[in-house]
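The values are calculated or read from the model by the stated rules, or taken from the named source; none is laboratory data. Everything numeric in this text was worked out from a predicted model, so none of it was measured. Please note: Cβ atoms are built from the backbone with ideal geometry, for glycine as well, and neighbour counts cover all protein chains shown. In case anyone asks, the SASA skips ligands and DNA or RNA and just uses the protein heavy atoms, side chains included. Shrake-Rupley method; radii C 1.70, N 1.55, O 1.52, S 1.80 Å.
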Amino acid sequence: MLNTVTALLFSLLLLATPLRAEPVDELLAALDNISQLQGEFRQRQYSQGDVLESESSGRFRLLRPGYFAWEITAPDSQLIIANAEYLWHFDRDLETVTRRPLADSEAMTPLQVLGGNDAALRRNYAVGQDAEGRFVLTPHTTDAGFRRLILELDGRLIRGMEVLDNLNQRVLIDFEALDPDSPLTAADFEFMPPPDADLFYHDE
């Protein structure tokens with residue numbers, strides 16, 4: 001009789017203990033809170049020896065799923081835009097425009113992870129969590145362009161990113177002046193190359 005009571009109490013204890021969601025599910029749920037966001041960023045790149053190599057700053061816009069704009073305003077001037085079809089890179093100083101179709105590869109840049117495809121994220125990355133709101137993504141393959149990505153999320157806001165690239169260089173990004181409320185539409189991510197730019201289209 002005692003064994004029966006013990007087994008019953010153990011079963012009730014298991015039923016009363018909430019099952020913790022997998023880190024990838026928690027990450028996707030956290031990203032679902034961020035439908036749109038814009039603001040400013042400060043980016044620092046460190047070499048293998050943790051020596052500061054470069055700094056840059058600028059503005060960004062994010063509209064989930066699938067749209068982002070990353071504009072470096074100092075020390076040089078560059079614009080990266082992803083929309084439903086293409087990933088554009090406009091180097092204003094060199095007057096060059098590069099276009100790549102998004103359908104070409106399953107690999108995602110760190111910014112595309114923020115904006116992107118839930119199924120591809122599950123398929124391509126192992127997701128861990130080392131603190132509340134802090135997620136560690138490790139690509140399953142070596143063609144992702146980075147070895148590790150850390151995201152720090154807080155409700156509807158992205159507080160920071162840390163990227164370890166394939167050369168063991170670290171990039172730290174801090175976000176500030178964040179605005180999750182001003183409306184964004186797909187039209188905000190359209191891009192038309194300037195007529196005098198050199199064009200490099202990787203889909204032709």
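Against the definition (farther than 24 Å from ARG61 by Cα, crowded, with 17+ Cβ neighbours inside 10 Å and not β-branched (Val, Ile, Thr)), how does PRO139 come out, yes or no?
Yes.
Going through (1) over 25 Å from GLN36 (Cα atoms); (2) open to solvent by less than 60 Å² (accessible area, probe 1.4 Å); (3) part of a loop (DSSP other than H, G, I, E, B) one by one, ASP196 falls short only on (2). Assuming GLY128 fulfils every condition listed in (1) closer than 24 Å to TYR86 by Cα; (2) more than 14 Å from the chain's Cα centre (by Cα); (3) surrounded by 13 or more Cβ atoms within 10 Å (Cβ to Cβ) apart from one, which condition is it? Among (1) closer than 24 Å to TYR86 by Cα; (2) more than 14 Å from the chain's Cα centre (by Cα); (3) surrounded by 13 or more Cβ atoms within 10 Å (Cβ to Cβ), GLY128 violates only (1). With respect to the conditions (1) within 18 Å of THR109 (Cα to Cα); (2) crowded, with 16+ Cβ neighbours inside 10 Å, LEU184 lacks only one, and its number is (1). Can we say PHE90 is among the aromatic types (Phe, Trp, Tyr) and under 27 Å from ASP196 (Cβ atoms)? Against the criterion (among the aromatic types (Phe, Trp, Tyr) and under 27 Å from ASP196 (Cβ atoms)), PHE90 qualifies.
Cβ separations smaller than 6 Å between residues 6+ apart or across chains give no pair from region 126-139 residues that are farther than 20 Å from THR109 by Cα to residues that are basic (Lys, Arg) and open to solvent by 20 Å² or more (accessible area, probe 1.4 Å). Scanning region 145-178 for residues that are open to solvent by less than 40 Å² (accessible area, probe 1.4 Å) and of a type in the set (D, E, K, R) gives GLU162, ASP165. Just so you know, in region 68-95 the residues that are open to solvent by less than 30 Å² (accessible area, probe 1.4 Å) and β-branched (Val, Ile, Thr) include one that is nearest to ASP188 (Cα to Cα), and it is ILE81.
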